[in-house]
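Right, one structure below, let's go through it.
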Amino acid sequence: MRTNFRIAAAATTTLVAALALTACGGGSDDAKAGGQPDASSSAAAPATGGPAPAAGDAAGAGKGSGSDSGKGTGTGSGKHPGTPAKATGKSTKKPSGGGATDAPCTGANVKLTATAVNRPINHILLTVTNTGKTMCNAYDAPAVSFSNAQQSPIAVDKDTIPQAVVSLAPGASAYAMVRTLGEDDGGKSYNTGQVVVYFRGKVGMESTGPSAYAALSKSVAVVDSQAMATYWQSDLSSIEAW
């Protein structure tokens with residue numbers, strides 16, 4: 001009896017162990033078939049997501065020195081190579097000369113010549129040429145005087161006022177005609193070989209700046225009461241027959 005009981009007990013123990021092994025094997029198979037992953041497979045899975053690299057860092061990609069910063073040493077700044085330089089707002093181009101100005105033409109910036117013309121008779125042509133580096137204005141009429149003059153300056157013919165101020169660029173010229181005498185009115189004449197011109201300013205008929213002198217190629221007779229000058233002109237033809 002005791003022998004049979006021991007055999008039965010041993011058989012029972014063997015059966016329980018077999019059932020336990022079967023249960024353990026089934027659980028492992030369930031996990032592999034779709035259950036919870038074991039610890040080893042979870043640890044092997046790579047991390048996903050995370051912030052995207054900055055645009056500046058992307059420019060340095062592939063040029064790095066192997067640093068874990070991800071920025072390339074080849075570009076340094078990480079800025080886009082097409083970024084334009086900032087404008088300074090200052091122009092390097094220098095303005096050219098000869099622009100608009102209120103500066104008057106005077107003996108300091110012009111050369112004066114005086115020529116006794118054959119037609120009309122008893123007339124002198126005055127020419128002023130801008131010898132400066134900037135524009136000047138020949139305002140109004142020349143204030144003309146002669147050496148040995150008894151009256152100065154001579155009268156001005158207001159019918160010859162130009163339509164606009166005569167502006168002279170460097171090298172340009174303006175013209176005025178001077179009548180030295182007219183019909184005999186009993187006035188006393190004298191001979192002169194030099195003309196003196198005083199220049200007008202922008203406002204009124206006052207003189208401004210140094211005067212200019214010009215010698216005549218020959219002496220001419222002058223009667224102060226009959227002498228008269230035109231306004232400065234940019235076109236000589238407008239006073240050739242005056």
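Quick check on segment 104-123: of everything there that is polar (S, T, N, Q) and not in a loop (DSSP other than H, G, I, E, B), which residue is surrounded by the most Cβ atoms within 10 Å (Cβ to Cβ)?
The residue in question is 113.
Conditions first: (1) on the phi > 0 side of the Ramachandran plot; (2) under 41 Å from the mean Cα position of the chain (by Cα). Residue 148 passes all but one, so which condition is the exception?
Against the list (1) on the phi > 0 side of the Ramachandran plot; (2) under 41 Å from the mean Cα position of the chain (by Cα), residue 148 comes up short only on (2).
May I ask you to say which residue of 115, 106, 129 is within 15 Å of residue 213 (Cα to Cα), over 43 Å from the mean Cα position of the chain (by Cα) and modelled with pLDDT of 95 or more?
Checking each option against the conditions leaves just 115.
Only one of 186, 182, 201, 209 is surrounded by fewer than 19 Cβ atoms within 10 Å (Cβ to Cβ), at positive phi and touching a residue at least 60 places away in the same chain (Cβ under 8 Å). Can you tell me which? Step through it out loud before you land on a result.
On the way: 186 fails: touching a residue at least 60 places away in the same chain (Cβ under 8 Å); 182 fails: at positive phi; 201 fails: at positive phi.
One residue alone meets the criteria, 209.
Go through segment 151-179 and report how many residues are touching a Ser or Thr at 6+ places or on another chain (Cβ under 6 Å), surrounded by 18 or more Cβ atoms within 10 Å (Cβ to Cβ) and more than 21 Å from residue 135 (Cβ to Cβ).
Residues that pass the stated criteria total 3.
State which residue is farthest from residue 146 (Cα to Cα) when the search covers only segment 199-236 and only residues that are of a type in the set (Asp, Glu) and modelled with pLDDT under 95.
Among residues in segment 199-236 that are of a type in the set (Asp, Glu) and modelled with pLDDT under 95, the one farthest from residue 146 (Cα to Cα) is 206.
Looking only at segment 213-242, count how many residues are more than 21 Å from residue 166 (Cα to Cα), assigned to a loop (DSSP other than H, G, I, E, B) and under 53 Å from the mean Cα position of the chain (by Cα).
1
Name the residues in segment 124-134 that are crowded, with 20+ Cβ neighbours inside 10 Å and under 17 Å from residue 239 (Cβ atoms), would you?
Restricting attention to segment 124-134, the residues satisfying the condition of being crowded, with 20+ Cβ neighbours inside 10 Å are 124, 126, 128, 130.
Selection gives 124, 126, 128.
Evaluate the following for residue 174: is it under 46 Å from the mean Cα position of the chain (by Cα), part of a loop (DSSP other than H, G, I, E, B) and touching a residue at least 40 places away in the same chain (Cβ under 8 Å)?
Considered against the rule, which asks whether it is under 46 Å from the mean Cα position of the chain (by Cα), part of a loop (DSSP other than H, G, I, E, B) and touching a residue at least 40 places away in the same chain (Cβ under 8 Å), residue 174 comes out as no.
The values are calculated or read from the model by the stated rules, or taken from the named source; none is laboratory data. Everything numeric in this text was worked out from a predicted model, so none of it was measured. Counting neighbours? That spans all protein chains shown, and the Cβs are built from the backbone with ideal geometry, glycine included.
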